[in-house]
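Everything below concerns the one structure shown next.
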Amino acid sequence: VVAIAGAALAQVTPAAKQTGAPAKAASAVTWAMLTGDWEGKAMRGTSDSVITTTTLTFTADKKLYITYPNRDKVEAHNVVLAGDSVTYDAGPYDSIARPGHKVSTHNVVHVANHKMTGTFAAKFDDGQTMSGHSEAAHKTK
């Protein structure tokens, strides 16, 4: 694979010289940009079928809580902001998709224009797994 990639790169012609101002890089996400409620939904796999709605709450004291309908809020941990992305873990908490089981999730979201889109990986207490995607919008007051 390395040899093929190297040969392919050797055959690439140089790119045309850029003119004008360089493209502006996406601005890095800050906690201040995230503070407040983000209302969204989670979907299984690549489906558009909603598993649950969610509210993500980023607090001024740099905590993140996830609230599901008719449930106590869950505090996220391992929250990391990098570039346009936020990663966080949650759980274990009572599963919505598989009642009677506990679940822990790892979430990666990208933030742009007051919207989040991302993916999650869920691991249940019996070893089963599920993946999916999410989207949310910053609730304006």
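Suppose all protein chains stay in the model; what accessible area per residue would a 1.4 Å probe give for the range 19-141, in Å²? Mind showing how you got there, number by number?
Details: 7420 Å² over 123 residues.
Dividing the accessible area of the range 19-141 by its residue count gives 60 Å².
Accessible surface of the range 16-141, 1.4 Å probe: 52 percent of it comes from carbon and sulfur atoms.
The label point for T52 and the one for A97, both projected 7 Å from the Cα toward the Cβ, are 1.1 nm apart. Using only the C-alpha atoms, the convex hull of the range 33-107 corresponds to 107 Å³ per residue. Note on the range 63-116: percent of Cα-Cα distances in each 10 Å bin, starting at 0 and stopping at the bin with the largest distance, equals 22, 48, 26, 4. Mean sequence separation of contacting Cα pairs (under 8 Å, at least six apart), scaled by the length of the range 86-139, corresponds to a relative contact order of 28 percent. Within a straight-line Cα-Cα reach of under 16 Å, K123 can be paired with the following aspartates and glutamates, leaving aside sequence neighbours fewer than 8 residues apart in one chain: D89, D94.
With θ taken as phi - 60° and the Karplus curve 6.51 cos²θ - 1.76 cosθ + 1.60 applied, the whole-hertz 3J(HN,Hα) list for the range 30-39 is 10, 4, 4, 5, 8, 3, x, 9, 10, 9 Hz, x standing for glycine and proline.
The aspartates and glutamates within cross-link reach of K139, meaning a Cα-to-Cα straight distance under 16 Å and a gap of 8 or more places when in the same chain, are D37, E39. In this structure E135 has an accessible area near 80 Å², from a 1.4 Å probe over the protein heavy atoms.
With all protein chains present and a 1.4 Å probe, how do I66, I51 order by accessible area, largest first?
I51, I66
Derived scalar couplings between HN and Hα for the range 125-131 equal 5, 9, x, 5, 10, 8, 10 Hz in order, rounded to whole Hz, by the Karplus curve 6.51 cos²θ - 1.76 cosθ + 1.60 (θ = phi - 60°), x for Gly and Pro. Accessible surface ranking for F120, F58, 1.4 angstrom probe, highest first: F120, F58.
The values are calculated or read from the model by the stated rules, or taken from the named source; none is laboratory data. This is a predicted model, so every value here is computed, not measured. A quick note on method: Cβ atoms are made from the backbone with ideal geometry, for glycine too, and the neighbour counts reach across all protein chains shown. To get the accessible areas, we keep the full protein, side chains included, count just its heavy atoms, and leave off ligands, DNA and RNA. Shrake-Rupley method; radii C 1.70, N 1.55, O 1.52, S 1.80 Å.
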